[in-house]
6 protein chains.
Amino acid sequence: MTAKRQPIEYADASSEVRAVYDDIMATRKTDWVNNFWKVLAHDPPTLRRIWTNIKEVMGPGTLSPVTKELLYVAVSVSNGCHYCIASHSAAARKLGMTESQYSELLAVVGLASETNRLVTALDVAIDPAFL
Amino acid sequence: MTAKRQPIEYADASSEVRAVYDDIMATRKTDWVNNFWKVLAHDPPTLRRIWTNIKEVMGPGTLSPVTKELLYVAVSVSNGCHYCIASHSAAARKLGMTESQYSELLAVVGLASETNRLVTALDVAIDPAFL
Amino acid sequence: MTAKRQPIEYADASSEVRAVYDDIMATRKTDWVNNFWKVLAHDPPTLRRIWTNIKEVMGPGTLSPVTKELLYVAVSVSNGCHYCIASHSAAARKLGMTESQYSELLAVVGLASETNRLVTALDVAIDPAFL
Amino acid sequence: MTAKRQPIEYADASSEVRAVYDDIMATRKTDWVNNFWKVLAHDPPTLRRIWTNIKEVMGPGTLSPVTKELLYVAVSVSNGCHYCIASHSAAARKLGMTESQYSELLAVVGLASETNRLVTALDVAIDPAFL
Amino acid sequence: MTAKRQPIEYADASSEVRAVYDDIMATRKTDWVNNFWKVLAHDPPTLRRIWTNIKEVMGPGTLSPVTKELLYVAVSVSNGCHYCIASHSAAARKLGMTESQYSELLAVVGLASETNRLVTALDVAIDPAFL
Amino acid sequence: MTAKRQPIEYADASSEVRAVYDDIMATRKTDWVNNFWKVLAHDPPTLRRIWTNIKEVMGPGTLSPVTKELLYVAVSVSNGCHYCIASHSAAARKLGMTESQYSELLAVVGLASETNRLVTALDVAIDPAFL
């Protein structure tokens, strides 16, 4: 027996979990569900809650879907989450992100990380124009 | 006397530093330089080096300038840099970011931070489709 | 030869290191020592120092042992340490943490990470009641 | 005019926002709302969404309410969110956390941060017993 | 009354706390104790424990004292701890760190933060020569 | 086909990329290039830009080369970058870092991480002497 939670496949899922899987596939127009949801499924209320949040936050709004995925990748890099980088850069590519855009995204993330640290170290006072 | 580096104003700057300030203002079409550069100016080679990087990375490319600023804000929130959040959200607003878009940016950053931690805790295996 | 430090087994350990291993096993009432200590053993003073700290901090006090392990897991998730998540969630389970409690722990860690970022981005002023 | 979002007081809030404020006060049995919600109120859908999440995650479950607040504080320290540390340690105190327990919480958070880094640096392999 | 722990001055300290303050001053050959210790003093066992660790880790060894302080500053910048940056860069200056060296330290910290993120994003495989 | 960027070997590299590889090998007096550069090579302007930065920042200055590598390792541990820890600790060893010095480095990084969190949690006010 292992402590690590393994993905729960559709065939083995409760009806409560299947309802979320079905909504994920219908919303994304795909015929599969990625591992994140299958592992979250060990805790059905959290599965449902996180999916509801993702659906609302990543759904139609005033930022384009691809921009939201780019932001998701940038945060995931900052937090060192390899799975999240892989899954959200895949989502971004599906929405049209080019390799050149991905390179620029990485360059911005890297440089921001550098200047963030310099500013923190130097404890720079916020200019009145930025308040 | 204080150990903390204070901003160096144009009037007090060396010609090497002034050359960078001039290029910043010309590139940004503004008549002032923000505190980050004025504090970096205590170390002219770093001032020049970081400005050269910013100019190259944030300049014209395949991602729009406002998207790059949104990414900069997202990383700065992740790294907890208040000055950087203030300065780059100001830059994003100047480039057309609306308050509604800012709200969506924050929602994505927050939710990504949540799911990043869940994925890390659960050590989710990367789906073959994402490799 | 490899630069990466490999675990030092009891049979190969110095008497100084064995004394710490013995105390770990006696304190925990187990007959084995986990890899963290075996790798730290390349630096006996640090091995002894860290064990002394763990013994004092994680020992009897006003928070229950399982609560301390839950906190250890929460911090380890925040810092992205897979080994630490695995070892301290195992310790928490041994002390009685249920799978339902683990799910709630993860939910709190995830949500706190989300609101931490929102608060940082929005630079919320501390209410007088919290000072 | 300032870019930084200021708290929206009840008297100035829309009915949509007031409904959330009312639910927060009813749930917490208090007659005031803290600044986090008042600043989030600039974006009513996020205000409602985050409150719904907090209510669900921090509500009755298998971990005690005070344990959940302790975990919230531990994560907030790890993420460097001063407001969150102040507000959730206040919540923990209200639920019975003693100063001695708070000291122990801080000791665990600090020590976990230390060992997390040592483990990361040494790239310790997970013991089979922890898998 | 405030929840935030205020510094405990020597005159108001217990004999247990004074003993630590005395040892700090004797070890550092100074006639004052900085705020970190005075705030830790609310929890005497932690005060004593952390001081014992600092004394052992920062004491004589194979890395020079100033190198240890430089490393302390680098970590403190990475963790966004303003107090720690201020106190340990003061300690480094006292041990001979020049302003030019401080500038180089910051440049390394910034650049490492940038390349750390690039490597994480690109998930670079470790070269056999580094194993 | 995979989304993950694979190392580009010298034989397969463009002349623009080869010029950077050549400069890396000449500067480091080695006959090979490590994977970081080979993966960055998918984006030649970033390859060139990052190498230029590394060459300037890690080149001769007022901090010794080995001290700079120690700082690089400390930051990489703080950011959880395994590749960077491996490559820069290898570089430090090549420049003379002993195993005993590496142990002391790790001890400082760990302890700084602990006190950074304690200071953040306790929100310690900066002593006037440190300003």
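Is there a residue in the range F:83-104 that is over 25 Å from E:Leu118 (Cβ atoms) and touching a Lys or Arg at 6+ places or on another chain (Cβ under 9 Å)? The answer is yes; a qualifying residue exists. Scan the range D:58-106 for residues that are farther than 22 Å from E:Thr46 by Cα and hydrophobic (A, V, I, L, M, F, W, C) and the total you get is 7. Screening the candidates E:Val124, E:Val75, E:Val57, E:Val66 for the property of being within 16 Å of the chain's Cα centre (by Cα) and buried (at least 23 other Cβ atoms within 10 Å of the Cβ) yields one hit, E:Val75. Among the numbered conditions (1) more than 7 Å from chain C (Cβ to nearest Cβ); (2) over 19 Å from the mean Cα position of the chain (by Cα); (3) surrounded by 21 or more Cβ atoms within 10 Å (Cβ to Cβ), the only one that D:Val119 does not meet is (1). Filter the range B:28-38 down to residues that are without any contact (Cβ under 8 Å) to a residue 24 or more places away in the chain and of a type in the set (Phe, Trp, Tyr) and give me whichever is farthest from A:Ala129 (Cα to Cα). Taking the candidates together, the pick is B:Trp37.
Here D:Ala112 qualifies as in a helix (DSSP H, G or I), among the small types (Gly, Ala, Ser) and facing chain C (nearest Cβ under 8 Å). The residue that is nearest to A:Ser78 (Cα to Cα), among those in the range B:97-109 that are more than 9 Å from chain D (Cβ to nearest Cβ) and assigned to a helix (DSSP H, G or I), is B:Val109. Selection within the range D:12-54: residues that are outside any helix (DSSP H, G or I) and open to solvent by less than 30 Å² (accessible area, probe 1.4 Å). The member of this set that is farthest from D:Cys81 (Cα to Cα) is D:Ala13.
Any residue at all in the range F:85-93 that is within 26 Å of A:Val73 (Cβ to Cβ), without any contact (Cβ under 8 Å) to a residue 24 or more places away in the chain and either within 7 Å of chain E (Cβ to nearest Cβ) or among the small types (Gly, Ala, Ser) (or both)? So that I can check it myself, show each step before the final result.
Residues of the range F:85-93 that are within 26 Å of A:Val73 (Cβ to Cβ), as a first pass: F:85-88.
After this cut, where a residue has to be without any contact (Cβ under 8 Å) to a residue 24 or more places away in the chain as well, the list is F:85-86, F:88.
Next cut, either within 7 Å of chain E (Cβ to nearest Cβ) or among the small types (Gly, Ala, Ser) (or both) only: F:86.
Among the residues of the range F:85-93, at least one is within 26 Å of A:Val73 (Cβ to Cβ), without any contact (Cβ under 8 Å) to a residue 24 or more places away in the chain and either within 7 Å of chain E (Cβ to nearest Cβ) or among the small types (Gly, Ala, Ser) (or both), which makes the answer yes.
Give the range E:115-131 a look and list any residue that's outside any helix (DSSP H, G or I) and among the charged types (D, E, K, R), or say none.
Correct list: E:Asp123, E:Asp127.
In the range E:10-27, the residues that are of a type in the set (Gly, Ala, Ser) reach residues that are open to solvent by less than 80 Å² (accessible area, probe 1.4 Å) and in a helix (DSSP H, G or I) with C-beta atoms within less than 9 angstrom, at least six apart or across chains, in these pairs: E:Ala13/E:Val20; E:Ala13/E:Tyr21; E:Ala13/E:Lys38; E:Ser14/E:Pro44. Listed conditions (1) surrounded by 23 or more Cβ atoms within 10 Å (Cβ to Cβ); (2) touching a Pro at 6+ places or on another chain (Cβ under 6 Å) are all met by D:Ser89, apart from (2). Just checking, does the range A:66-85 include any residue being at pLDDT 95 or above, touching a His at 6+ places or on another chain (Cβ under 6 Å) and acidic (Asp, Glu)? So far as the range A:66-85 goes, yes, one or more of its residues are at pLDDT 95 or above, touching a His at 6+ places or on another chain (Cβ under 6 Å) and acidic (Asp, Glu).
Is it true that some residue in the range F:41-51 is of a type in the set (D, E, K, R) and away from chain E (no Cβ under 13 Å)? The answer is yes; a qualifying residue exists. Residues that are aliphatic (A, V, I, L, M), facing chain C (nearest Cβ under 7 Å) and not in a loop (DSSP other than H, G, I, E, B) within the range D:55-80 comprise D:Val57, D:Leu70, D:Leu71, D:Ala74, D:Val75, listed in sequence order. A single member of D:Leu131, D:Leu105, D:Leu111 is out of contact with any Gly (no Cβ under 7 Å at 6 or more places or on another chain), open to solvent by less than 10 Å² (accessible area, probe 1.4 Å) and closer than 20 Å to C:Val33 by Cβ, and it is D:Leu111.
The values are calculated or read from the model by the stated rules, or taken from the named source; none is laboratory data. Everything quoted here is computed from the prediction, not taken from an experiment. Cβ coordinates were reconstructed from backbone atoms using ideal geometry, including for glycine residues, and neighbour counts include every protein chain displayed. Heavy atoms of the whole protein, side chains included, go into the accessibility calculation; ligands, DNA and RNA do not. Shrake-Rupley method; radii C 1.70, N 1.55, O 1.52, S 1.80 Å.
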